[in-house]
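Scroll down for the structure; my scribbles are underneath it.
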Amino acid sequence: MADTLKYETIQVRTEGRVGVITLDRPKALNALNTQLMTEVVDAATALDADQAVGAIVITGSDRAFAAGADIKEMSEKSFSDVQSERFFGDWDRLAGLSTPTIAAVNGFALGGGCELAMLCDLIIAGDTAKFGQPEITLGVIPGIGGSQRLTRAVGKAKAMDLILTGRQMKVDEAERLGLVSRVVPAEQTLSTALEVAAEIAGKSSIAASLAKEAVNRAFESGLTEGVRTERSLFYSTFATDDQTEGMAAFVEKRKPTFTHR
Ligand code: CAA
């Protein structure tokens, strides 16, 4: 379990088999500075390694999931700084987690905030959520995968519209475009995300991580390679106790008890 005492910009807890990371820089609308990135990645990696955790929820505050990368921190940097530091590079590690991740989004999810939400496997959004990639208004472009993941999520026409104008998109549009999985009243965002996370964490964690890998492959490869990968991941589920148990439970008309092995 992540050692929450060592973090200053996030809070970490577990509820049953669900790990919860709450971004906690309220004065800066949870702007993603380097310390916060390091802490989120560290906590998420620790939760991912914990066999007792079957899903991870990342959330912010009512006002902001995150209003983007920290502009005050970035404004001091030169080309050679960002190049040599591999600035933002550690965020990529979230994409490599095998545990399913859910972003529970209320308020602003802008720039790096939208990109962090898109790094998660599902986005559950409150009706106050606003998404956007406003980097162009600062003279830069998305840098945590936004130009790639947003385009894959909503298509070229809308991605160009959002990234070239920097406009904010309300949640009904985000849902229509398929960016978010579910929209709920803002006061129910976290509780809904926790329910969905608990539902996922109650399934076989091995099957969940393989299913996640298979869906992500659809994002990253062509159809033939994706189907081939899915088939071999499917075959590998037959090496697990959870496959034996899941199918036996169906045949015996009882609920399965998964051991995540
Ligand atoms: N970085 C640093 N500080 C930020 C911030 C950010 N991204 N967003 C908000 N803040 C700070 C503000 O500076 C302000 O701090 P002070 O009180 O010390 O001045 C505080 O949070 C509250 O913000 P506002 O007073 O601006 O609140 P508002 O309700 O009037 O406006 C907002 C809210 C529309 C989100 C506005 O804050 C805003 O436009 N923020 C910047 C959004 C943005 O451009 N994000 C993209 C960043 S670039 C990026 O993310 C690059 C990338 O690809 C990774």
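The values are calculated or read from the model by the stated rules, or taken from the named source; none is laboratory data. Since this is a predicted model, take the numbers as computed values, not measurements. In this analysis, Cβ positions are derived from the backbone assuming ideal geometry, glycine residues included, and neighbour counts consider all displayed protein chains. Remember, those area values only see protein heavy atoms, side chains included, never the ligands or the DNA or RNA. Shrake-Rupley method; radii C 1.70, N 1.55, O 1.52, S 1.80 Å.
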Find the centroid of the Cα atoms in region 203-261 and in region 31-64, then give the distance between the two in whole Å.
25 Å
Counting pairs on different chains as well as pairs 8 or more places apart, how many Lys pairs in the chain have Cα atoms under 19 Å apart?
9
If you roll a 1.4 angstrom probe over the protein chains with everything in place, what fraction of the accessible area of region 4-43 belongs to carbon and sulfur, to the nearest %?
52 percent
Going from the alpha-carbon gyration tensor of the chain, what semi-axes, largest first and in whole Å, does one get by taking the root of 5 times each eigenvalue?
32, 21, 18
Using mean Cβ contacts within 10 Å as the protection proxy, how do 200-206, 231-237, 170-176 order, highest first?
200-206, 170-176, 231-237
Leaving out ligands and nucleic acids, and using a 1.4 Å probe, what accessible area per residue does region 127-237 come to in Å²?
56 Å²
First check a/c for region 23-111, with a ≥ b ≥ c the square roots of the eigenvalues of its C-alpha gyration tensor; if it is under 1.5, answer rounded, and if not, answer prolate when a/b is larger than b/c or oblate otherwise.
oblate
GNM, the chain, Cα, under 10 Å: largest mean-square fluctuation among Arg63, Arg217, Arg17?
Arg217
Could you pull out every residue, at least 5 positions away or on a different chain, whose amide H is within less than 5 Å of the one on Ala64? Hs are placed 1.01 Å off N in the peptide plane, and Pro or chain starts have none.
Phe108
Heavy-atom accessible area per residue of region 55-102, all protein chains kept, 1.4 Å probe, expressed in Å², is 52 Å²
Report in % the part of the accessible area of region 118-261 that belongs to carbon and sulfur, leaving out ligands and nucleic acids; probe 1.4 Å.
58 percent
What's the ranking of 114-120, 33-39 by average number of surrounding C-beta atoms within 10 Å, highest first?
114-120, 33-39
Quick one, can you get me the convex hull of the C-alpha atoms of region 78-122 expressed as volume per residue in Å³?
69 Å³
Under the Karplus relation with 6.51, -1.76 and 1.60 and θ = phi - 60°, whole-Hz ³J(HN,Hα) for region 93-102, x at Gly and Pro, equal 5, 5, 5, x, 5, 8, 6, x, 10, 10
Simple spin-label estimate for Asp62/Glu245, 7 Å along Cα→Cβ, in nm, reads 4.1 nm
Sequence-distant residues sharing a close amide H with Val105 (under 5 Å, placed H):
Ile124, Ala125, Gly126
